[in-house]
Amino acid sequence: MSNKLHIVSLGCTKNLVDTEVMMGKLQNFELTDNNEEADVIIVNTCGFIDAAKEESINTVLSLHNSRKDDSLLVMAGCLSERYQEDLQTQIPEVDIFTGVGDYDKIDELLIEKKSRFSDKVFLIDGAERVVTGSTYHAYIKLSEGCNQTCSFCAIPSFKGKLHSRDLDSIAREVESLVKKGYYDFSFVSQDSSSYLRDQNIKDGLSLLIQRIELIEGVKSARILYLYPSTTSMALLKNIAKSEIFHNYFDMPIQHINDDMLRIMKRGFGKEKTIDLLNFMRSLPNSFVRTGLIVGHPQETQEMFDEMCEFVKNFGFDRISVFAYSDEETTPAYDMKDKISDEVKAQRAQILGDIAAESTKKSLAAEVGKECEVVIDGESDEHELLLSARKLIWAPEIDGEIYVNDQSDDAQELEFGKIYKAKITELVGDILTATVDNATK
Ligand code: SF4
């Protein structure tokens, strides 16, 4: 009888890729949703902000409480890396701790039953990865670490400097996934627009676009996490020209007030940031997503109001709003004029409402339009509704569409295929659509 593995992936899509690499290394295990019967339990943790840390620790402890006596409990990932010494004494329940550099050694660690932290940055070659949650889409990692010095961010302190993955290695991974039927790819990293800058290549993403376009079978691609000061107009034009890469622009700008951007050490001021955003918005069928932080030390009411006003008027398609979280090892941690939790929560609520309104406007503008969608499966809402995604959207990030009707001459719908669709209605926050025949 094979051993059983229960694995939990917390945090971002970059963490998900690392989880999938561990699953690839442990293919001799049978996966189980039931942690009580698992021989090995792995929690790939997130250590980004307080809420994520709490979720990671609670998940580990709750899984420990109900696990079998002879099972192994592994804590992996960012939180484990960032607080390795403290956690090893504070959570003795965990059998193996491992950081962000040893995902591809997880099989050896289990055999040795040892904790390990490597000082090298880990970059997969992808050959043994198991993609979860989709039969046609995969996240692909471009690099690890980050050379930026954003005041609020602890990631460079535990992930290290930018270390870009070799273009050949990325292409090999995409080719091997295409052979397995995958055709849609999202390229991710901490700062994607710096890809290959550690090798003195300025517009590495343009090289990536050229290379991926040559791979037969790739039908759809998008890049996540563009950083303003490393995103060139040339890159945006190359994305716009591409037949494969969508005009999908995910650029967390964090704030718009000039002084605040300087305090945050973002490298780009208001004017240049707006120039980039306006250019993205002007491209045909563009989708513009951003992320914003409220309540950073020294954020005045005027600065916050300026950000709200900008967001109301710009017309983002999606916005993630975060309340500032005070993290040790960051420059902001030692700054004066911290904002109280109460004010941070109020500001997050106000900007969150504006963000929700902006998303709603973006969705409402889709009604009546034709677009390509992928049918993912039955919806959780009703047995007669299918769950689909607009092809340009990033899976599990940008939302879903309910398909509730089919044109008369359409063939039977297949999950994982691309169809032409007409958006018919916005019901609450969800679009509904009618689909036609498969396109690609
Ligand atoms: S770009 Fe800034 S926020 Fe993003 S990982 Fe690097 S330092 Fe952190």
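The values are calculated or read from the model by the stated rules, or taken from the named source; none is laboratory data. All values reported here derive from a predicted model rather than from experimental measurement. All Cβ positions, even for glycine, are placed from backbone atoms using ideal geometry, and neighbour counts span all protein chains on display. Side chains included, ligands, DNA and RNA excluded: accessible areas come from the protein's heavy atoms. Shrake-Rupley method; radii C 1.70, N 1.55, O 1.52, S 1.80 Å.
Between T89 and K180, take the C-beta separation as r, use R0 = 41 Å, and let me know the FRET efficiency to the nearest 0.05. The calculated FRET efficiency here is 0.45. Nonpolar atom fraction for segment 287-440, defined as the carbon and sulfur part of the 1.4 Å probe accessible area, stands at 46 percent.
Express as a percent, rounded to the nearest 5, the fraction of DSSP beta bridges in segment 322-440 (both residues included) that run antiparallel. If we restrict to bridges inside segment 322-440, about 80 percent are antiparallel. Measuring nothing but protein heavy atoms, the accessible surface of segment 221-265 at 1.4 Å probe radius is 47 percent carbon and sulfur. Note on the chain: with a GNM built from Cα contacts shorter than 10 Å, the maximum mean-square fluctuation among D18, D203, D70 falls on D70. Model label points for S232 and A364, set 7 angstrom from Cα along the Cα-to-Cβ axis, are 4.0 nm apart. Only protein atoms count toward the accessible area here, which uses a 1.4 Å probe; on segment 1-98, the carbon and sulfur part of that area reaches 44 percent. Distance from the C-alpha centroid of segment 269-346 to that of segment 362-390: 30 Å, rounded to the whole angstrom. Note that the chain presents 45 Å² accessible area per residue, ligands and nucleic acids not counted, probe 1.4 Å. Other residues whose C-beta falls under 12 angstrom from the C-beta of N34 contribute a net charge of -2, scoring Lys and Arg +1 and Asp and Glu -1. Solvent-accessible area of Y324, all protein chains in place: 10 Å² (probe radius 1.4 Å, heavy atoms, ligands and nucleic acids excluded). Of all beta bridges that DSSP places with both ends in the chain, some 35 percent have antiparallel geometry.
Taking 4.7 Å between beta carbons as the limit, the unpaired Cys residues of the chain are C12, C46, C78, C146, C308, C371. Determine which lysines satisfy two conditions relative to K420: a Cα distance under 17 Å, and not lying fewer than 8 residues away in the same chain. Excluding near neighbours in sequence, the set is K219, K369, K390, K440.
Ranked by the mean number of other Cβ atoms within 10 Å per residue, highest first, peptides 102-111, 342-351, 41-50 order as 41-50, 102-111, 342-351. The calculated 222 nm mean residue ellipticity attributable to helices in the chain amounts to -9500 deg cm²/dmol, summing -39500 (n - 2.57) over DSSP H runs of n ≥ 4 and dividing by all residues. Put simply, the C-alpha atoms of segment 256-361 give a gyration tensor, and the ellipsoid matching it has half-axes of 25, 16, 11 Å, longest first.
Protection proxy ranking of 58-67, 391-400, by the mean of other Cβ atoms within 10 Å over each peptide's residues and highest first, is 391-400, 58-67.
If one computes the Cα centroid of segment 18-80 and of segment 176-219, what distance in Å separates the two points? Taking the Cα centre of each part, segment 18-80 and segment 176-219 sit 30 Å apart.
How high is the FRET efficiency between E30 and A356 when r is their beta carbon distance and R₀ equals 56 Å, given to the nearest 0.05? That pair, E30 with A356, gives E of 0.85.
Remark: accessible surface ordering of T329, T32 (largest first) is T329, T32, probe radius 1.4 Å.
The ratio of the alpha-carbon radius of gyration of the chain to the globular-protein estimate 2.2 N^0.38 Å is 1.00.
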